[in-house]
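S.K.: Please find one structure pasted underneath; my questions will follow.
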């Protein structure tokens, strides 16, 4: 038997996920095409690079991290460039995802405190859950706003002699507060994508989710993809 004949055939779902999304392949649904996943992981890479190079600069408590990157001087050089690349990749992601992240009337309904509390307790049936629910869309815009705050404050700190003292002090405060909130949000994001909703992380690696996962977490999107409901604002 030849090597070509013995080689297993490529997974059709993975092949379809390279270019398409919102399509059914067997018992799976393509949720994120390859370009979307590459952009997402590029943003994550530069975020953590900026985080780990910035923590030793922020406080001596994390000084040991500097040795992992070549020393404190390397961190001081690397951090602003990693931050700039993080913002650039965030800008690409914002443009790439904006069309799917526009808030709809039913998203605003989802954002009511009672609905959010029910969702966090897994008591919401999610009947109106589209491809992205109101919370995910809100997180998307909050992350974009946070990236702008980090960029503007970071530029002032990168070129301190170009700005008055009061602005430098405000920039330091804004950078610290935004950074802390961003880290907390990312930790929560990771929790929701792993322990809270198993299968979500898998979708950002492979690009697909199972039909039961889609029906449970995003039933309206599940119905739309299967042709049971027409997309509408």
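We did not get these values from a lab; they are worked out from the coordinates using the rules stated. This structure is a prediction, so every number in the text was calculated from the model and none was measured. Because the Cβ atoms are built from the backbone with ideal geometry, glycine has one as well, and the counts that use them run over all protein chains shown.
S.K.: Would you order 64, 221 from fewest to most other beta-carbon atoms within 10 Å of each residue's own beta-carbon?
M.R.: Numbers: 64 10, 221 23.
If I rank by nearby Cβ atoms, fewest first, I get 64, 221.
S.K.: Say each of residue 84 and residue 18 gets a label point 7 Å from the Cα, pointing the same way as Cα to Cβ; how far apart are those two points in nm?
M.R.: 3.5 nm
S.K.: Using the alpha-carbon atoms, what tilt in degrees (0 to 90, nearest 10) does helix 34-58 show relative to the longest principal axis of the chain?
M.R.: The two axes meet at around 30 degrees.
S.K.: Counting other beta carbons within 10 Å of each residue's own, what order do 106, 112 fall into, fewest first? Don't jump to the answer; show the numbers that get you there.
M.R.: Working: 106 17, 112 11.
With the sparsest Cβ surroundings first, the list reads 112, 106.
S.K.: What distance in nm separates the simple spin-label points at residue 98 and residue 74, each placed 7 Å from Cα in the Cβ direction?
M.R.: 3.8 nm
S.K.: Percentage of Cα-Cα pair distances in segment 19-112 greater than 17 Å, rounded to whole percent? Display every interim value, and only then the final one.
M.R.: Details: 2805 of 4371 pairs.
I get 64 percent for the Cα pairs in segment 19-112 exceeding 17 Å.
S.K.: Right, another one. Report the Rg/Rh value for the chain, based on alpha-carbon coordinates and the Kirkwood definition of Rh.
M.R.: On the way: Rg = 21.1 Å, Rh = 20.1 Å.
Here Rg/Rh amounts to 1.05.
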